1. Where Rh denotes the Kirkwood radius from the mean inverse Cα pair distance, what is Rg over Rh for segment 11-160?
2. Given a Förster distance of 41 Å, report the FRET efficiency between Ser115 and His38 from their Cβ-Cβ distance, rounded to the nearest 0.05.
3. Counting other Cβ atoms within 10 Å, which GluC sites (Glu not before Pro) in segment 92-157 have at most 15 and lie in a DSSP loop?
4. Highest mean first, what order results for 84-91, 41-48 on Cβ atoms within 10 Å?
5. Please work out whether segment 82-167 counts as rounded, prolate or oblate from its C-alpha gyration tensor, where a ≥ b ≥ c are the square roots of the eigenvalues and a/c under 1.5 means rounded, while otherwise a/b larger than b/c means prolate and anything else oblate?
6. Taking amide H atoms as placed 1.01 Å from N in the peptide plane, list the residues 5 or more away in sequence, or in a different chain, whose amide H sits under 5 Å from that of Phe163.
7. Percent of accessible area on segment 9-152 owned by carbon and sulfur, 1.4 Å probe?
8. When the label point is put 7 Å from the Cα of Leu11 along its Cα-to-beta-carbon vector, which residues of segment 20-47 have a backbone N closer than 12 Å?
Amino acid sequence: MSATDEGDIVLDPVCGSGTTLVAAKSLKRQWIGIDCSHEAIEISRRRLAATPDTVEVKHHAPYRLARFLKLSRSAKVEYIAERLDMHIVQRNGNIDGFLKKTIDGVNVAVRYIESDEPKTVINQFVQAIEKKQSKLGIVVMSHVSKKEKEAIENKFGTSVQIFVISYQNICENNFNIEDVINGRQLTLAL
């Protein structure tokens, strides 16, 4: 199922009791089940009839990186805004938004950087933060190595403090923004 999207067709040529078919139905996939046993087919039919059309998934879609990367840039920013609790900025090409909550009275700017964007975008982000008279920024990247994260975070010295968070961290919600910025939790999964 992890390699499929809603509406895709899942084929199980040896469906047995229908576990894969039930999962496909629950996740809004179309399904085809085949089995040589009439008993197995009957069990599958009963299970499918008793299965609701969808189940509530605890993750907010898109929870897989492959699905996230297929979204438009604006949809990615909306997803990030929801997860980080940020206001989206519409008229600034270098800042995507600001956290709704300030940190020690300072507004925190946020910028999502696509993997194919030049790293000079980070410089433009920092300049935009300085114009807004802020000193804190969060860069969200789909992929980032530990070395790249450290290089970006150490690049700007004292003028603006930049923190890099990966999409995985946002997905897993395994951090607290205030702890990251206050230096208490800088070891994020990359």
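1. My calculation of the ratio gives 1.22.
2. On the way: r = 51 Å, r/R0 = 1.24.
FRET efficiency, Ser115 to His38: 0.20.
3. Filter output for segment 92-157: Glu114.
4. On the way: 84-91: 14.0, 41-48: 15.6.
The packing order, highest mean first, is 41-48, 84-91.
5. On the way: a/c = 1.41, a/b = 1.24, b/c = 1.14.
The shape class here is rounded.
6. Result for Phe163 returns Gly137, Ile138, Val139.
7. The C+S portion of the solvent-accessible surface of segment 9-152 is 52 percent.
8. 32-34
The values are calculated or read from the model by the stated rules, or taken from the named source; none is laboratory data. Every value quoted in this text rests on a predicted model; they were computed, and no experiment measured them. When we count neighbours, we look across all protein chains shown, and the Cβ atoms used for this are built from the backbone with ideal geometry, even at glycine. Surface accessibility is based on the protein's heavy atoms, side chains included, excluding ligands, DNA and RNA. Shrake-Rupley method; radii C 1.70, N 1.55, O 1.52, S 1.80 Å.
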